[in-house]
1. Pairs only if they're at least six apart or on different chains, beta carbon under 7 angstrom, first in the range 6-34 and under 20 Å from residue 171 (Cα atoms) and basic (Lys, Arg), second open to solvent by less than 10 Å² (accessible area, probe 1.4 Å) and in a strand (DSSP E or B); list them, first residue then second.
2. If only one of 84, 63 is aromatic (Phe, Trp, Tyr) and closer than 30 Å to residue 132 by Cα, which one is it?
3. For residue 20, work out the one condition from (1) open to solvent by 10 Å² or more (accessible area, probe 1.4 Å); (2) assigned to a helix (DSSP H, G or I) it doesn't fulfil.
4. Return the residue satisfying two criteria in turn: it lies in the range 169-186 and is under 18 Å from residue 123 (Cα atoms) and out of contact with any helix residue (DSSP H, G or I) (no Cβ under 6 Å at 6 or more places or on another chain), and of such residues it is most open to solvent (accessible area, probe 1.4 Å).
5. Working only within the range 134-166, note down all residues that are modelled with pLDDT under 95 and under 23 Å from residue 95 (Cβ atoms).
6. From the set of residues in the range 129-183 that are touching an Asp or Glu at 6+ places or on another chain (Cβ under 9 Å) and among the charged types (D, E, K, R), which is farthest from residue 117 (Cα to Cα)?
7. Output the qualifying pairs, or none if there are none: Cβ atoms under 6 angstrom, residues six or more apart or on different chains, first residue in the range 101-120 and more than 20 Å from residue 186 (Cα to Cα), second residue modelled with pLDDT of 95 or more and outside any strand (DSSP E or B).
8. In the range 25-67, which residues are at pLDDT below 95, of a type in the set (A, V, I, L, M, F, W, C) and within 11 Å of residue 9 (Cα to Cα)?
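The values are calculated or read from the model by the stated rules, or taken from the named source; none is laboratory data. If you're wondering where the values come from, they're calculated on a predicted model, not measured in any experiment. FYI the Cβ positions are ideal-geometry reconstructions off the backbone, even for glycines, and counts take in every protein chain you see. In case anyone asks, the SASA skips ligands and DNA or RNA and just uses the protein heavy atoms, side chains included. Shrake-Rupley method; radii C 1.70, N 1.55, O 1.52, S 1.80 Å.
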Amino acid sequence: GEKYFDNIVFCGDSLTHGLGLDSRFFKDRDVVAWGGLGVYDYLDYNSHAVYNQSEEKKSSLDWLVTLNPQIMYIMLGTNGVAVWSNEKHIMLYERMLDRIQAALPATKIVLVGIPAWGASRNTETFNGKKVDNFNMMLLELAKKHGVYYLNFGQATRDANGNIREELVLGDGVHWQTACKYLYLEYIRTHALP
């Protein structure tokens, strides 16, 4: 139910940021996100107001410490998976996670596996196999750090391993309303104990 979302902060890039702007989803919930962010710059970013409930420009980490959530869902990786090797990307992710855990030791953290992109976006260096490998490495990182992992990407796939076209806009990455509803439902049906 809706009450599950009461003590959660949702962290991420443009996919999460869109949820915080849309009144049907997380407009009245805590979202700390901005388009284009990745694990390499998320915590220190302060060029825009990243917290959807304030116009104040503080870093994402400062907002997270201020909010001190019981639960934090982190969905980052879409912007970096097309740029770096998965090994380098996970190393950067771990650095970010170390800083979050040091600042918020009592917060339950959920690392959310990223969805693949649409078939039209696939290349030799970026494709569903690379995303799958990244998500498996993210699962291992979650185990190593004693945090949770949510395999949301699996709920978005077509038979070829790409995100289903009806879930994304024409760019093959950003979500249609149907994908936003799917994400919320997936979180509700895979709630933490």
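1. Here the result reads none, with nothing in the range 6-34 linked to a residue that is open to solvent by less than 10 Å² (accessible area, probe 1.4 Å) and in a strand (DSSP E or B).
2. Values: 63 fails: closer than 30 Å to residue 132 by Cα.
So the residue among 84, 63 that is aromatic (Phe, Trp, Tyr) and closer than 30 Å to residue 132 by Cα is 84.
3. (1)
4. Within the range 169-186, the first condition is being under 18 Å from residue 123 (Cα atoms), and the residues that meet it are 170-174.
Remaining after also requiring out of contact with any helix residue (DSSP H, G or I) (no Cβ under 6 Å at 6 or more places or on another chain): 170-171, 173-174.
Numbers: 170: 84, 171: 54, 173: 18, 174: 66 Å².
Among those residues, the one meeting the criterion is 170.
5. 153
6. 144
7. From residues that are more than 20 Å from residue 186 (Cα to Cα), the pairs are 103/65; 107/69.
8. Matches in the range 25-67: 26 only.
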